[in-house]
1. Arranged by the count of other C-beta atoms within 10 angstrom, fewest first, what order do Met80, Met128 take?
2. Taking Cα centroids, how far is the stretch 160-188 from the stretch 107-136 in Å?
3. Length gain on complete extension for the stretch Leu108 to Val246, per 0.36 nm per residue less the alpha carbon to alpha carbon distance?
4. Over the stretch 81-219, one equal point on each Cα, no solvent: what is log10 I(q)/I(0) by the Debye formula at q = 0.13, 0.16 Å⁻¹?
5. Fewest to most neighbouring Cβ within 10 Å: what's the order for Tyr53, Tyr270?
6. Suppose the Debye formula is applied to equal point scatterers at every Cα of the stretch 34-101; what is log10 I(q)/I(0) at q = 0.18, 0.23 Å⁻¹?
7. Calculate, for Glu31 and Ala91, the FRET efficiency according to 1/(1 + (r/R0)^6) with r their C-beta to C-beta distance and R0 51 Å; round to the nearest 0.05.
8. Multiplying the sequence separation of Asp118 and Asp255 by 0.36 nm and subtracting their Cα-Cα distance, what value in nm do you get?
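Taken together, the values in this text are just the output of simple stated rules run on the coordinates, not laboratory data. Model, not experiment: these values are computed from the prediction. FYI the Cβ positions are ideal-geometry reconstructions off the backbone, even for glycines, and counts take in every protein chain you see.
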Amino acid sequence: MTILKFYWVLMLSLLVGQCTLHAQDANSAKEIVRTAMQAELAADKNDHTHWRYRDAKKDGTDTVSIVVETEHGSVKRVIMKNGQPLTEAEARVEDERVQRFIHDPDKLAKQKRDGAQDGKNAEELLRMLPEAFTWKLVSDDAQRLTLHFDPNPGFSPPDMQGRVLGTMAGTLVVNKGQNRIETISGKLTQDVTIGWGLLGRLHEGGTFRVERREVAPGLWSIVETHVHIEGRALFFKSIGEEQDEVQTEFTQVPDGTTLEQAAEMTKPAYAASGNGTHR
């Protein structure tokens, strides 16, 4: 996962928590963010929900996949390319790939390690949020709380991830009833250079937008991700992102689901048979 993706993944979950926040109860917008950050860390620790969902993604290719999460790992099956269902031959190849993956201890272990590292980096960045930005409450109505954020000129980023974080400006829209984020959008306010520009550069003006919705009572998830940030780095193909992703048809996966069962659940026929209940 790229540095930028670490950033927006953690930002998706900002202000998620169980306590109810009201603007009039906080000393400042910054304190709203700080309190919500702490609530999010606690909520993330206690949320062990897994999902089956449809993932439509454009990132140079145009694919639709079914993803099933389990405690053992996530299984993903491509079911469409460029607007067309896979041919029988393509479907057989994809099924063989899925079967190899779920029976490959090394790949499963790598997925687990990558997920753990992503989570660690996201938590570290989440903890930077109150200081990385200046926060302003711009609206507070019966249902939503909207805050604007700008780079904090006094913020001293500890690493490259912090540098990218500290150049963003944008808006958060939060559901007040549950303190769940509905929308976050922003842009890079300046170029970000790596090694004085010799090793890479992310370009000013790049944008991102993420939408979150309640997919089951009290449970929220990302439903749309739009990231358009240009950049190149010497040691990476790209550290920028050009991606549009929409996730739909969420179904909660039972505890104890095996990888073999998850593989079956990724097949389009699973939902068609009535085994999946879409939300």
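1. The order, fewest Cβ neighbours first, is Met80, Met128.
2. 14
3. Extra length available between Leu108 and Val246 comes to 47.2 nm.
4. -0.86, -1.03
5. Tyr270, Tyr53
6. So the normalised log intensities are -0.78, -1.00.
7. Details: r = 53 Å, r/R0 = 1.04.
Efficiency computed from Cβ-Cβ geometry: 0.45.
8. Taking Asp118 through Asp255 to full extension adds about 47.0 nm, to one decimal.
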